[in-house]
C-alpha cells in the first residue's frame, strides 16, 4: 500500500532540474505578441480610440478596439455549466469594453511582431472617455443615486440571499441575555502566484488551439467558445504545468481575448502574457467583505441567537458572484449552532473595483475572521475562557445540515483543539500573560474553522478518468482534474497504484490536460480534487483490475475471483502463491495471437455527497506597543482532512495556507486612490506578502478521522489552512494588549490608532 506514505512527487525531478515545461516554454518564438490597453479612469464610456499612431509603429500588425469586438456577453467564472438557465453564471463581460467599470478595464489590444512594438503601440493609443462618477464602497454602492454599473442590477446589487432558522425576534426576548455586537472588515487582496496568467492561441485543422495557464481547462474551453459565438468543439484547450493559481486561474481570464486575436490575424499564433501589475488588478482579487454580527448569549456562555449581515464587494464584474459570500453565510450557521435561532443576510454588490473572484478558501477566510473575532469578543464580555466558549457552542457530533445533508461524524474539533493547546501550552501562557503592563507584551489566541469538500449539491460534481495498461504492465493515467503545483498528480498516482494493485513506479500520470484527449473534468477548485477524483479512480481502477484478473483466469486456468493483483504480481488469494508478474500478463494480452486484448478502463463517476473538514489554529505573538509592531512567535494549524494520502504533501499544503493567512492577517491589502480609483500598490515591492522573515516555525499537525463517504477516507485539505490564521493572530493581539482590532490587515498604522484610542500610547 502506498496511500498514506510520503512518496516522492512524480514531478519532482522535472521541476527541480528545470525540465518542466510551462506555457511560456511551449510558445513558439514566432508568436505575435498581444498587449492590452487598460482604462485610466474608474468609470465611464469610451467615446473614441485613435489608433493611427499605434498602427504606424513598425512591427504593429493589428489594433483591435472595444468598437470592433462582437456584442456577445459571456460569463467568466470557473463553474460547471448548468443546463438550467437560472443556475448559470452572470454573463456581464465583453472581450473589450466600451463601458469602463474599473481603473484597468480592457478597452483595446495591440497585436505586434514583438513585445517592444506591442508595448509602444499600446502607449501610442489615444483613448477618449466620457467620465462618470464612481463608487468603491459596497454599502455606498447600494444607496439610491449611487453610480450604476450594470443597468439590469438596480442599486448595484448582484444578489441578495438570506435565511432564518428559528424565530429570531422571539429568541432574543429571553430574559437575561447578553448582547455582543461588532463590525468586521476584510480587505481586497491578490493571489500572488509565481506564474502570471499567460496563454497563446493558433488555428489548426479548423480549430482554435489555446494553450493556457489555467486551473479549469474544460470549463475555459466552453467559455472561449461562448465568447466567440462558435461551437464548443471548435476550441481545443491545453493546460501544461502551471505555476500556481490559488483560484485566480479558476476564471477565464484572457483566453477568450487571446483566441479572438488569433482569429483577427488569420489564425496566426498569438501570445498574450500579462505583467505582475496587470495580474494584481486586471485578473481577479479576493472579495473584500464587511460583516455585522450580533450575538445574544446566556450568562453561562450558550449562544441563543446570532445574526449576521454580510456586504461583499464584487467589483466591476460578476465573475464567481454571490457564491463566495453565500458560502460564508452557510458557515455562519454551521460552525456554531445556536440554541434557538440564527439569521443571516448576504449581499454581493457591484463597485468600480477590480472584479473579485475565487481565491483560496472561497469566502471562508473572510467569514472566519468575523465569526472568530466576535466569539472572542463574547468570551471577554461574558468572562468565560474563549476555548471553553467555543467547545460549548461549536457544531456537535451527529449534526446534519438540512441543505447539504453533510454529517459531522467525529469529535474532530475537540481533538484538534487539544493538540493545538498542548503545542502552545495554552493554559499556562494565558495565566502567565494575564496581567502584563510593560511596553512589550505577549499573548496567545486561537480560532477554529469549518470547510466543505467540493461543491455538491450546489453544482455538478463528476470526475472522469482513463487508465491504460502498457505492454510492460505499467499504466498511463489521465484525468480532468488538474495539477497546479499542489501535488495532485502524486496523490492521484498513489490512489491508482493501490486500487489497481501496482507498484507506485508503474503509474505514469499524464499531467497535461488536453480537451481533445483528456476525459472530462471540471478542474482544480473547492478542495475537491482528492475527494472527487478518488471516486473515479476507485471505480475505474477497480474495472481495470477486474479486466486484468479476467485475463489472468484465461492464462492460469484459475477462477478470477480466486486471484488478486498485489504490488504488480498476480497471486492466488488463498495461498498467496505468486503466479505471474503483471508485465508478463500485459505483454501477452497485447501480443497474443490467440486472445489479444487491450487492457483499459474509462468512465465517469458522479458524486452526490460532500464532507466536513475541520480544524483550528493557535498563535502566540509579541506586541511592541510603542512601535505598533507584531512579532509572530508560534503558530500551529491542526486539521482533520481525513486519511492523509501523502503526509509530506499535506504538510506542505498546510504551511502554504498558514503563510497566506499570516499575510492576510498582518500585511496584505490592495490600496486604491479614493479620488481616482487608481491602484496604488499593484506590485510586489509595495504590496506586502508574508515572507520567511515574517514567519515563525510553522507547525502542521493532523487528526486523521477517515471520511466515511470517501473511498480513500479523504476530505478538504488545500484551502482550509488559510482560514483560521488571521483571527488567531487577531485574538492573540487582543489577549496581549486588551485591544480588539476588527479589521485586517493589522498593520502598524491600524495599531497606532487603536492603541491611541485605548490610552496605550
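The values are calculated or read from the model by the stated rules, or taken from the named source; none is laboratory data. Note that this is a predicted model, so its numbers are computed, not measured. FYI the Cβ positions are ideal-geometry reconstructions off the backbone, even for glycines, and counts take in every protein chain you see.
So here's what we get for this one:
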item: Identity of the residue in region 680-704, assigned to a loop (DSSP other than H, G, I, E, B) and in contact with a helix residue (DSSP H, G or I) (Cβ under 6 Å, 6 or more places away or on another chain), that ends up nearest to residue 136 (Cα to Cα); result: 682
item: Which listed residue is surrounded by 24 or more Cβ atoms within 10 Å (Cβ to Cβ) and farther than 14 Å from residue 184 by Cβ, from 400, 391, 360, 302; result: 360
item: Enumeration of residues in region 709-739 that are out of contact with any strand residue (DSSP E or B) (no Cβ under 8 Å at 6 or more places or on another chain) and surrounded by fewer than 24 Cβ atoms within 10 Å (Cβ to Cβ); result: 709, 711, 738, 739
item: Yes/no for residue 111 being closer than 24 Å to residue 284 by Cα, touching a helix residue (DSSP H, G or I) at 6+ places or on another chain (Cβ under 8 Å) and surrounded by 20 or more Cβ atoms within 10 Å (Cβ to Cβ); result: yes
item: Any hit, region 426-436, residues being over 30 Å from residue 625 (Cα atoms) and buried (at least 18 other Cβ atoms within 10 Å of the Cβ); result: no
item: 1 or more residues at pLDDT 95 or above and under 24 Å from residue 74 (Cβ atoms): qualifying strands (runs of 3 or more DSSP E) within region 172-222; result: 198-204, 207-212
item: Failed item in (1) crowded, with 23+ Cβ neighbours inside 10 Å; (2) under 22 Å from residue 742 (Cα atoms); (3) touching a helix residue (DSSP H, G or I) at 6+ places or on another chain (Cβ under 7 Å), with residue 639 passing the rest; result: (2)
item: Qualifying residue in region 435-451 (condition: under 30 Å from residue 83 (Cα atoms), in contact with a strand residue (DSSP E or B) (Cβ under 9 Å, 6 or more places away or on another chain) and in contact (Cβ under 8 Å) with a residue 12 or more places away in the chain); result: yes
item: Matching strands (runs of 3 or more DSSP E) fully within region 243-342 where at least 2 residues are in contact with a helix residue (DSSP H, G or I) (Cβ under 9 Å, 6 or more places away or on another chain) and over 28 Å from residue 377 (Cα atoms); result: 270-273
item: From 122, 116, 110, residue being farther than 24 Å from residue 288 by Cβ and free of Cβ contacts under 8 Å to residues at least 60 places away in the same chain; result: 116
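Quick grid of which residues meet (1) more than 30 Å from residue 327 (Cα to Cα); (2) modelled with pLDDT of 95 or more; (3) surrounded by 15 or more Cβ atoms within 10 Å (Cβ to Cβ):
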residue	(1), (2), (3)
121	yes, yes, yes
131	yes, yes, no
137	no, yes, yes
143	no, yes, no
146	no, yes, yes
149	no, yes, yes
